[in-house]
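Heads up: the structure comes next, in structure tokens.
The values are calculated or read from the model by the stated rules, or taken from the named source; none is laboratory data. Here the structure is a predicted model, which means the values were calculated and not measured. Glycine gets a Cβ as well: all are built from the backbone with ideal geometry, and neighbour counts include every protein chain shown.
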Amino acid sequence: MQLIDGKAISAQIKKEIAEEVAQIKAAGGKTPHLAAVLVGHDGGSETYVANKIRTCEEVGFKSSLVRFEDKASEQELLACIDRLNKDADIDGFIVQLPLPGHISEQKVIEAIDYRKDVDGFHPINAGRMSIGLPCFVSATPAGILELLKRYGIPTRGKHCVVLGRSNIVGKPVAGLMMQKGYPGDATVTVCHSRTPNIREICLSADIIIAALGAPEFLKGDMVKDGVVVIDVGTTRVPSSETKSGFKLKGDVAFGEVAPKASFITPVPGGVGPMTIISLMKNTLLAGKKEIYS
Ligand code: GUN
């Protein structure tokens, strides 16, 4: 069994991005600028956004954080998005999800200029991705593919089972795994809460991408020997062992599955660090106007 070290790979890519940013600056080019919009004080969102801002600093990007209270109106948020769309210094921005219930996430996502949508959530980016056109690919799916690539894990003709059908992970990663070329060319099955026989389907999988948000869902008796397992789960569960009072639990019963796997990602330290680094890569592409001019 080989552990897929997302922390080490993301550190390597971070170095690559920082070097490129330094070159851009040395040549008198524009410093890439990412803005993040955070509504409310959800613990998980606070941590994710703080990590994104910190990583911007580490790679040499400019960053801005725009905060709203929980009770902010949809109109206020849409006005902010309009400002960010028009701000020529900002190359890309994200609105951290989830949003409070009185604000329509879809309306907010569609208000973002797709050329600045470094999360890749806008229907134009999602649509272009699904037909293989240049676009901003959302960060977690992009990070997963980068891990497969950097570990040289074969995907052509393999049976890839995706657990979960979210717009952020399940659907896009399934689309990417079936695209022509590497890492792709896989035969993809998507399972979700209404799928019968998930165990049988998983037992025939060469690669399993677990993105359900159900802690330790994938058990040892659901996988075959030699399987490649990518665990996207990051459920926060209370814990007396950590200073913060919680710990992250993946969708995979790691202790049971790891001994049977050829490659497996840990939680934390697997997909998580790759997600942030993919966002940085998209911001760099946005700064260079490489996808949309
Ligand atoms: N909430 C959970 N994951 C994400 C993400 O990748 N981007 C944004 N904007 N919100 C999230």
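Counting only residues that are crowded, with 17+ Cβ neighbours inside 10 Å and assigned to a helix (DSSP H, G or I), how many does region 25-45 have? So the answer is 1. Put simply, of Ser193, Ser262 the only residue that is surrounded by fewer than 17 Cβ atoms within 10 Å (Cβ to Cβ), out of contact with any Gly (no Cβ under 7 Å at 6 or more places or on another chain) and not aliphatic (A, V, I, L, M) is Ser193. May I ask you to list the residues in region 245-272 that are closer than 15 Å to Gln2 by Cα and either polar (S, T, N, Q) or touching a Pro at 6+ places or on another chain (Cβ under 6 Å) (or both)? Ser262, Thr265, listed by residue number. Going through (1) within 16 Å of the ligand (Cβ to nearest atom); (2) within 14 Å of Gly184 (Cβ to Cβ); (3) over 19 Å from the mean Cα position of the chain (by Cα) one by one, Lys107 falls short only on (2). Here Tyr182 meets each of (1) among the hydroxyl-bearing types (Ser, Thr, Tyr); (2) crowded, with 17+ Cβ neighbours inside 10 Å; (3) more than 16 Å from the ligand (Cβ to nearest atom) with one exception, condition (2).
Scanning region 46-56 for residues that are surrounded by fewer than 17 Cβ atoms within 10 Å (Cβ to Cβ) and hydroxyl-bearing (Ser, Thr, Tyr) gives a single hit, Thr47.
What number of residues within region 57-80 satisfy the criterion of being farther than 22 Å from Thr31 by Cβ and aliphatic (A, V, I, L, M)? Number of matching residues: 4.
In region 114-159, what residues are of a type in the set (Phe, Trp, Tyr) and more than 14 Å from the chain's Cα centre (by Cα)? Outline the logic, then answer.
Filtering region 114-159 for residues of a type in the set (Phe, Trp, Tyr) gives 114, 121, 136, 151.
Within region 114-159, Tyr114, Tyr151 qualify.
Does region 142-158 include one or more residues that are within 15 Å of the ligand (Cβ to nearest atom), modelled with pLDDT of 95 or more and among the β-branched types (Val, Ile, Thr)? Yes, some residue in region 142-158 is within 15 Å of the ligand (Cβ to nearest atom), modelled with pLDDT of 95 or more and among the β-branched types (Val, Ile, Thr).
Those residues that are of a type in the set (S, T, N, Q) and within 13 Å of the ligand (Cβ to nearest atom), I need them from region 22-54; list them, please.
Our first condition is that a residue be of a type in the set (S, T, N, Q); within region 22-54, this holds for 23, 31, 45, 47, 51.
Ser45, Thr47, Asn51 - these are the residues of region 22-54 that are of a type in the set (S, T, N, Q) and within 13 Å of the ligand (Cβ to nearest atom).
Of the residues making up region 1-45, just one is of a type outside the set (Gly, Ala, Ser) and modelled with pLDDT under 95, namely Asp42.
Looking at Arg165, Arg128, Arg156, Arg115, can you tell me which residue is in contact with a His (Cβ under 8 Å, 6 or more places away or on another chain) and either closer than 30 Å to Lys224 by Cα or assigned to a helix (DSSP H, G or I) (or both)?
On the way: Arg128 fails: in contact with a His (Cβ under 8 Å, 6 or more places away or on another chain); Arg156 fails: in contact with a His (Cβ under 8 Å, 6 or more places away or on another chain); Arg115 fails: in contact with a His (Cβ under 8 Å, 6 or more places away or on another chain).
Among Arg165, Arg128, Arg156, Arg115, only Arg165 is in contact with a His (Cβ under 8 Å, 6 or more places away or on another chain) and either closer than 30 Å to Lys224 by Cα or assigned to a helix (DSSP H, G or I) (or both).
So, Ile94, is that one near the ligand (Cβ under 10 Å from one of its atoms), modelled with pLDDT of 95 or more and buried (at least 16 other Cβ atoms within 10 Å of the Cβ) or not? Give the steps one after another, and end with the answer.
Details: near the ligand (Cβ under 10 Å from one of its atoms): yes; modelled with pLDDT of 95 or more: yes; buried (at least 16 other Cβ atoms within 10 Å of the Cβ): yes.
Taking the combined requirement at face value, the residue satisfies it.
Within region 89-108, being assigned to a loop (DSSP other than H, G, I, E, B), in contact with a His (Cβ under 9 Å, 6 or more places away or on another chain) and under 16 Å from His122 (Cα atoms) holds for one residue alone: Asp91. Taking the condition crowded, with 17+ Cβ neighbours inside 10 Å and within 16 Å of the ligand (Cβ to nearest atom), does Val59 pass? Spelling it out, it is not the case that Val59 is crowded, with 17+ Cβ neighbours inside 10 Å and within 16 Å of the ligand (Cβ to nearest atom).
Tally the residues that are within 16 Å of the ligand (Cβ to nearest atom) and without any contact (Cβ under 8 Å) to a residue 60 or more places away in the chain, restricting the search to region 250-267.
Going through region 250-267, the residues within 16 Å of the ligand (Cβ to nearest atom) turn out to be 250-251, 267.
Okay, now just the ones that are also without any contact (Cβ under 8 Å) to a residue 60 or more places away in the chain, so 250, 267.
Qualifying residue count, region 250-267: 2.
Out of the residues in region 98-147 that are among the β-branched types (Val, Ile, Thr) and over 14 Å from Lys171 (Cα atoms), state the one that is surrounded by the most Cβ atoms within 10 Å (Cβ to Cβ). Looking at the filtered set, the residue picked out is Val118.
Criterion first (in contact with a Pro (Cβ under 7 Å, 6 or more places away or on another chain), of a type in the set (Val, Ile, Thr) and at pLDDT 95 or above) does Thr275 satisfy it? Step through it out loud before you land on a result.
Numbers: in contact with a Pro (Cβ under 7 Å, 6 or more places away or on another chain): no; of a type in the set (Val, Ile, Thr): yes; at pLDDT 95 or above: yes.
No, not satisfied.
Just one of the numbered conditions (1) surrounded by fewer than 16 Cβ atoms within 10 Å (Cβ to Cβ); (2) away from the ligand (no atom under 16 Å from the Cβ); (3) more than 24 Å from Ala258 (Cα to Cα) is not true of Asn167: (2).
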